[in-house]
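The values are calculated or read from the model by the stated rules, or taken from the named source; none is laboratory data. Values in this document were obtained by computation on a predicted structure and should not be read as measured data. With ideal geometry, Cβ positions are generated from the backbone for all residues, glycine too; neighbour counts draw on all protein chains shown.
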Amino acid sequence: MRRTRTPVAVTVLLGLSMLATACGITVESRPRPVSAPIPDALQPDITTTTLTSPDTEQVEIFLARNVGDRMRLAKVTRDIDPDGTVNTILEQVLAGPNLEEQEVEYVSPFIEGSTIIGTILNGTLLEIHLDSLDGFPQDDSASNRLAYAMLVCTATELIVGAEIQLVKILVERDGELIPINIPVSDGEPTEEGAPVYCANYATFDPRYRTPEEG
């Protein structure tokens, strides 16, 4: 949610956010509306991202699709109104498939209920701050892990020019940001607050083959 601030307050807030990101300062006990900036390689003058108009930018995100009776990650292209941060890209994941994508059977386990309230990029680690987990499936299921796979793998694999390798997710609870235990489909279960890789969701890769499949 955006709050109206005076010009001086906005200047101070932006200054603090840039300093926290550049220095790798850890998240404070109370959440702040920060946004991880897109690296210079993503800016229009030197990016390989295609611009569809002066006001929109074309990006890729992961949704899901049924492949051989299994749900797998599937890339789709979206036109967004860029704001210079990764937030607008990741918000597309939470939004799920649009009508055209639904017609060609792209799906998403997300429902309305979760909003990205901030991100911090610290080296190759991206922190994603959510207001809640209400938009995620509320059970220990493949759909629950698929939701995290879409968010994590979009951040690490599809944000062009960013060297993001790991993702950590924090949720706002009682005015504080709390790191969560992120469900994974592959590898060892994560510890509370530990970051994850896209490799932790290898079974959702369309190229993945089970041992029986060879």
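Are any residues in segment 146-169 under 16 Å from residue 192 (Cα atoms) and in contact with a Phe, Trp or Tyr (Cβ under 9 Å, 6 or more places away or on another chain), and if so, which ones?
148, 166, 167, 169, listed by residue number.
Using beta carbons and a limit of 6 Å, which pairs, at least six apart or on different chains, have the first residue in segment 81-96 and closer than 18 Å to residue 169 by Cα and the second one among the hydroxyl-bearing types (Ser, Thr, Tyr) and part of a loop (DSSP other than H, G, I, E, B)?
Final answer for the pair search is 85/35; 87/35; 94/114.
Can you spot a residue in segment 202-210 that is touching a Phe, Trp or Tyr at 6+ places or on another chain (Cβ under 7 Å) and in a helix (DSSP H, G or I)?
yes
Hey, any hits in segment 138-146 for a residue that's within 14 Å of the chain's Cα centre (by Cα) and of a type in the set (S, T, N, Q)?
Among the residues of segment 138-146, not one is within 14 Å of the chain's Cα centre (by Cα) and of a type in the set (S, T, N, Q), which makes the answer no.
May I ask you to list the residues in segment 113-156 that are among the charged types (D, E, K, R) and at pLDDT below 95?
139, 140
Which one of the conditions (1) touching a residue at least 40 places away in the same chain (Cβ under 8 Å); (2) surrounded by 22 or more Cβ atoms within 10 Å (Cβ to Cβ); (3) among the hydrophobic types (A, V, I, L, M, F, W, C) does residue 125 fail to meet, given that it meets all the rest?
Of (1) touching a residue at least 40 places away in the same chain (Cβ under 8 Å); (2) surrounded by 22 or more Cβ atoms within 10 Å (Cβ to Cβ); (3) among the hydrophobic types (A, V, I, L, M, F, W, C), only one is false for residue 125: (2).
Among the residues of segment 167-180, which ones are assigned to a loop (DSSP other than H, G, I, E, B) and either modelled with pLDDT of 95 or more or under 16 Å from the mean Cα position of the chain (by Cα) (or both)?
Hit for segment 167-180 is 180, nothing else.
Could you please tell me which pairs satisfy a Cβ distance under 6 Å, a separation of 6+ or placement on different chains, a first residue in segment 163-178 that is of a type in the set (D, E, K, R), and a second residue that is in a strand (DSSP E or B) and surrounded by 13 or more Cβ atoms within 10 Å (Cβ to Cβ)?
168/127
As an exercise: evaluate residue 72 against (1) over 12 Å from the mean Cα position of the chain (by Cα); (2) under 30 Å from residue 178 (Cβ atoms) and give the number of the one condition it does not meet.
(2)
Residues of segment 103-117 being closer than 14 Å to residue 62 by Cα and either free of Cβ contacts under 8 Å to residues at least 24 places away in the same chain or among the aliphatic types (A, V, I, L, M) (or both), which ones?
107
Residue by residue through segment 108-166, note down the ones that are in a loop (DSSP other than H, G, I, E, B), β-branched (Val, Ile, Thr) and under 24 Å from residue 77 (Cβ atoms).
111, 115, 159, 160, 164 - these are the residues of segment 108-166 that are in a loop (DSSP other than H, G, I, E, B), β-branched (Val, Ile, Thr) and under 24 Å from residue 77 (Cβ atoms).
In this structure, does residue 141 turn out to be without any contact (Cβ under 8 Å) to a residue 40 or more places away in the chain and hydroxyl-bearing (Ser, Thr, Tyr)?
So residue 141 fits the description; yes.
Can you name the residue in segment 105-120 that is hydrophobic (A, V, I, L, M, F, W, C) and closer than 24 Å to residue 204 by Cβ and is also surrounded by the fewest Cβ atoms within 10 Å (Cβ to Cβ) among such residues?
Looking at the filtered set, the residue picked out is 111.
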